[in-house]
Amino acid sequence: MPDILEGLEKVLARGKDGALLRFSLGNEHLKRGDPAAAAAHLRRAVELDPKYSAAWKLLGKAYEAAGSFEAARSAWEEGSRVADANGDQQAGKEMAVFLKRLAKKI
């Protein structure tokens, strides 16, 4: 079975960069327990598409997993604004819940 992460990295190496590719790379790194690598790709995803609310949500999760709680808070706050502006109610609600949970940790 082909390795998903390896395949995604090959696509990136060929110069096919994009927000969805970076989101996918970030998601795979997060699944594999590498939140720092995940955050790097997800930061790039939101740079490429600042309106990508799912990428903001996952970026916050990557930061939280890395123990960077203030960065997670910031990502989710921005992601909530983006989600609200885009009418993405579900993502906005999820990030609001994440923010409340995070407030209890810090």
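The values are calculated or read from the model by the stated rules, or taken from the named source; none is laboratory data. Predicted, not measured: the structure shown is a model, and the values here were computed from it. Here Cβ is always computed from backbone atoms with ideal geometry, including for glycine, and neighbour counts include all displayed protein chains.
Any chance you could count how many residues in region 5-57 are touching an Asp or Glu at 6+ places or on another chain (Cβ under 6 Å) and modelled with pLDDT under 95?
So the count comes out to 1.
Working only within region 66-87, note down all residues that are of a type outside the set (V, I, T) and farther than 15 Å from A103 by Cα.
Result: A66, E78, G79, S80, R81, A83, D84, A85, N86, G87.
Please report, ordered by residue number, the helices (runs of 4 or more DSSP H) entirely within region 1-60 with at least 1 residues that are touching a Phe, Trp or Tyr at 6+ places or on another chain (Cβ under 6 Å) and surrounded by 18 or more Cβ atoms within 10 Å (Cβ to Cβ).
In region 1-60, the matching helices (runs of 4 or more DSSP H) lie at 19-31, 35-48.
Those residues that are surrounded by fewer than 14 Cβ atoms within 10 Å (Cβ to Cβ) and not in a helix (DSSP H, G or I), I need them from region 61-106; list them, please.
Passing the criteria: G67, G87, I106.
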